[in-house]
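Let me begin by presenting the structure, written as structure tokens, before commenting on it.
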Amino acid sequence: MHIPDGFLSPPVAVATGIASAAVIAVALNRTRESLGLRQAPIMGLTTAFVFAAQMINFPVAGGTSGHLLGGALASVVLGSPWAATLAMSTVFIIQSVLFADGGITALGANIFNMGLVGIWVGWWLLQPLQQLLGGSRNRLPLAAGMAAGLSVVAAAICVAIELAISGTVALNIALPAMVGVHILIGIGEGLITGGVLTYLVKVRPDLLPGEQPRLQKWLVPVIGVLLISGVLSLFASSWPDGLEAVAEQYGFKDKEAVAIENPTPFADYGVKGLEEQPIGTSIAGLLGSAVSFGAAFGIAQLVKPKDA
């Protein structure tokens, strides 16, 4: 669902950029109020995991693929949609600037759609769904999985509206097309979110809010992130993702343009000179995960209270 340059009109790109920047500014302040000792490493690991997981496109119907958005999952693991806002925004900035994934001019829209909408819709739906399912912690994975799946559909609706306002494609075409394919991607999102949280609830509750004051046993989650980004990423589906497939089907793929030249040597999750080699993807994945962890950890250290 990463929007490239050229799909959005300047007013839409500017408006979504301002909205995203405003929410990030609030998130910096609100996260400062609640950050504890455990949050910096957990925030770094969560950000690195989402980056790594987004490299793995899974196939859905009709030659289309999708990948985890991760906003709902991040908000549950971090225990705060504000902290999740910082984590997810970090992922999208790194993807756009370092890997040319998503347009520079569309960065604000991508943060807004996949980050803010994904986070807040999932967060607002989580507690009512969990209560409806009985309210126990064991129901958290199911409730979060359902909320995560619905958050993907909400993000797709926002993308369709932005494309229509931009004059890229009519709403009566974009809306059903985007919602239809992202319902399927949302199922994948829900299954991944539920699976990860099932593992955390049963095996690693210290990684969830309200447990140990400090993160215990770093080795396993760090190795997991490295395996996802460096190894499992090699098996990602090559089919176009939801937005790409819709753009190809309805004839606006040619609107994609490079508004700002990005000289990164890691474009498309490869390494310059190793574009056709799997090792290039592995290096890019490992680098992106490390940068994501470092950036999020650094942000958490900067905004945490002095006495935390």
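The values are calculated or read from the model by the stated rules, or taken from the named source; none is laboratory data. For clarity, every value in this text was computed on a predicted model and none was experimentally measured. Quick reminder, even Gly has a Cβ in these numbers, built from the backbone with ideal geometry, and neighbours come from all protein chains shown.
Of the set (1) assigned to a helix (DSSP H, G or I); (2) surrounded by fewer than 17 Cβ atoms within 10 Å (Cβ to Cβ); (3) free of Cβ contacts under 8 Å to residues at least 60 places away in the same chain, all apply to Gly194 but (2).
Return yes or no: is Ile93 at pLDDT 95 or above, assigned to a helix (DSSP H, G or I), β-branched (Val, Ile, Thr) and surrounded by fewer than 24 Cβ atoms within 10 Å (Cβ to Cβ)? Considered against the rule, which asks whether it is at pLDDT 95 or above, assigned to a helix (DSSP H, G or I), β-branched (Val, Ile, Thr) and surrounded by fewer than 24 Cβ atoms within 10 Å (Cβ to Cβ), Ile93 comes out as yes. For the stretch 265-276, indicate whether the set of residues that are outside any loop (DSSP other than H, G, I, E, B) and either of a type in the set (Asp, Glu) or without any contact (Cβ under 8 Å) to a residue 40 or more places away in the chain (or both) is non-empty. Yes, some residue in the stretch 265-276 is outside any loop (DSSP other than H, G, I, E, B) and either of a type in the set (Asp, Glu) or without any contact (Cβ under 8 Å) to a residue 40 or more places away in the chain (or both). Would it be correct to say that Gly224 is in a helix (DSSP H, G or I), surrounded by 15 or more Cβ atoms within 10 Å (Cβ to Cβ) and small (Gly, Ala, Ser)? Judged against the criteria, Gly224 is a match. Kindly check whether there is at least one residue in the stretch 289-304 that is farther than 24 Å from Gly224 by Cα and without any contact (Cβ under 8 Å) to a residue 40 or more places away in the chain. Yes, because at least one residue in the stretch 289-304 is farther than 24 Å from Gly224 by Cα and without any contact (Cβ under 8 Å) to a residue 40 or more places away in the chain.
From the list Ala295, Ala308, the one residue that fits, being modelled with pLDDT of 95 or more and closer than 30 Å to Ala147 by Cβ, is Ala295.
When Ala148, Ala143, Ala72 are checked against the criterion of being in a helix (DSSP H, G or I), more than 19 Å from Phe51 (Cβ to Cβ) and not aromatic (Phe, Trp, Tyr), Ala143 stands alone in meeting it. Taken together, Phe49, Phe7 contain a single residue that is in contact (Cβ under 8 Å) with a residue 24 or more places away in the chain, closer than 23 Å to Val291 by Cα and not β-branched (Val, Ile, Thr), which is Phe49.
Which residues, taken from the stretch 227-264, are part of a loop (DSSP other than H, G, I, E, B), more than 29 Å from Ile157 (Cβ to Cβ) and touching a residue at least 12 places away in the same chain (Cβ under 8 Å)? Hits for the stretch 227-264 are Val231, Thr264. Here Ala48, Ala19, Ala83 are screened, and the one residue that is surrounded by 22 or more Cβ atoms within 10 Å (Cβ to Cβ) and modelled with pLDDT of 95 or more is Ala48. Just to be sure, is Ser96 over 12 Å from the mean Cα position of the chain (by Cα), among the hydroxyl-bearing types (Ser, Thr, Tyr) and over 23 Å from Leu208 (Cβ atoms)? Judged against the criteria, Ser96 is a match. I want to confirm something. Restricting to the stretch 231-249 and keeping residues that are over 14 Å from Val179 (Cα atoms) and of a type in the set (A, V, I, L, M, F, W, C), which single residue is surrounded by the fewest Cβ atoms within 10 Å (Cβ to Cβ)? Once the filter is applied, the top-ranked residue is Phe235. Only residues that are assigned to a loop (DSSP other than H, G, I, E, B) and closer than 9 Å to Ser237 by Cβ were counted in the stretch 53-66, giving 2. Of the residues examined, Leu68 is not one that is under 27 Å from Val14 (Cβ atoms) and among the aliphatic types (A, V, I, L, M). Considering only the stretch 153-191, state which residues are assigned to a loop (DSSP other than H, G, I, E, B) and surrounded by 15 or more Cβ atoms within 10 Å (Cβ to Cβ). Result: Ser166, Thr168, Val169.
Taken over the stretch 113-158, the criterion of being under 21 Å from Ala13 (Cα atoms) and either aromatic (Phe, Trp, Tyr) or in contact with a Lys or Arg (Cβ under 7 Å, 6 or more places away or on another chain) (or both) is satisfied by Trp120 alone.
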